[in-house]
Amino acid sequence: MATVAPGGEITLDAYNHRSIGGRHYQEDRAKAIDDLNELIPESTKGDRSIRRALYCVFDGHGGDACSEFLFQNFHKHLLEKENLCEDPKAAIMSTWDECEEQFQSRMTARYDRNAKGFKPKKEGDKPKFPGDGSTATVCLIEGNKVYIASCGDSSAAVIRTNKSLEKFTREHHTVDPEEVARIEAAGGELVQKTIKTPAPFPFCCTKMVDKPLGKPRVYPGGLLVTRAFGDFQAKLPVAGGIPGSIIHTCDPIREVMIEDDWQYFVVASDGIWDGLTDEQVPKVLKQELDDAQDDYGKGDDNKEKVRKRVVKGFVESATDSEFWRKNQCDADNTTAIILFFK
């Protein structure tokens, strides 16, 4: 739970929950540091009376090596930046590139180790470059200001007291025309997978048609996201990748002021945003809050129990969504960090 800072700052509490969904593995990671000032080196210039906190969601794919690396290291590299307090945007951008470079070094070392002992099963077999990757949504709070950086399809959004939702991130996926154009210009290719289904009436008993199955995938790599950390099998020529196709670059960092009408600020993996529509998110949060308050009460003494219950119920609503059944797939790993303001 976040500390309450003085000095006119809007108070907040943060809680998070993860679900494995219908998968047999958990590749999501959530990092929540409620008081970043405690970890900033004394040598770093800056006013420590200003509230600082860090909330990140890393959604791994192709393994959990990349999301785990970011979980363990992103905040450490950020804390090393001498300009963290004076120029947060520059500090985040420097950390962004540094993490990509360091993870590439680690995966290259792993590839080299594996290549030394590689024994081909048939002619032409070659060792594969590690395919671990991860999205990232990073939110740095400074006073009543939030700095938001993101790559991939995890997102950050505010839900106001009037139940409206506004996303502060752009999802980098394969149905974004700008991303598609960028990938194709670099030499990448998008492929739509299909599944055979009965044709519409009256041909349903005699004819099968191809129905799109999910979103297109980027090749090389076979990815559903167009930007991510890692995924060097799609980025490096030595691994069969195409430079400039899948990239780790985030959009320009958003700088947003926390306002009096903010009720929730949600940082979440795509399991939330796929499982629930933008229209459903505020409704689900309201229902979960009503249910939790019915069970525990509305008093301040029960606030922590209520908010933990809200986050857990919110995530479970996404994993239990009809979306997964309609798309004939298991529910994804699903993670949410929710900042409560009211």
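Rule-based calculations on the coordinates, nothing more; no lab input. Since we're looking at a predicted model, the values are computed, not measured. Cβ sites come from the backbone with ideal geometry, for glycine too, and all protein chains shown count toward neighbours.
Shown for segment 277-342 is the translational diffusion coefficient from the Stokes-Einstein equation, using the Kirkwood radius over Cα pairs, a temperature of 20 °C and a viscosity of 1.002 mPa s: 167 µm²/s. The order of Lys81, Lys193, going from fewest to most other C-beta atoms within 10 Å of their C-beta, is Lys193, Lys81.
Under conditions of 4 °C and 1.567 mPa s, segment 123-180 yields 89 µm² s⁻¹ as its translational diffusion coefficient, taking Rh as the Kirkwood radius over Cα pairs in the Stokes-Einstein equation. Segment 151-228 and segment 254-274 have Cα centres spaced 22 Å apart. By the rule of a C-alpha distance below 24 Å, with chain neighbours fewer than 8 residues away ignored, the lysines paired with Lys89 are Lys31, Lys45, Lys76, Lys81, Lys145, Lys167.
Computed over the alpha carbons of segment 139-294, Rg followed by Dmax gives 19.9, 65 Å. This ranking places Phe229, Phe71 by how few other beta-carbon atoms lie within 10 Å of each, fewest first, which gives Phe71, Phe229. Using every pair of separate Cα atoms, the Kirkwood estimate puts the hydrodynamic radius of segment 60-212 at 19.8 angstrom. Divide the volume of the convex hull around the Cα atoms of segment 1-113 by the residue count and you get 120 Å³ per residue. Rg and Dmax of segment 88-160, based on Cα coordinates, read 18.8, 61 Å. Computed over segment 185-342, relative contact order equals 20 percent, with contacts defined as Cα pairs under 8 Å that lie 6+ residues apart. As a rough footprinting exposure proxy, the listed residues Glu80, Glu179 were ranked by other beta carbons within 10 Å of their own, and the order from fewest upward is Glu80, Glu179.
Take the Cα of Lys89, step 7 Å toward its Cβ, do the same at Lys196, and the gap between the two points is 5.5 nm.
Lysine pairs in segment 243-342 whose alpha-carbon atoms fall under 28 angstrom of each other, counting only those eight or more residues apart or on distinct chains, come to 23.
Spherically averaged projected area of the convex hull of Cα atoms, the chain: 22.0 nm².
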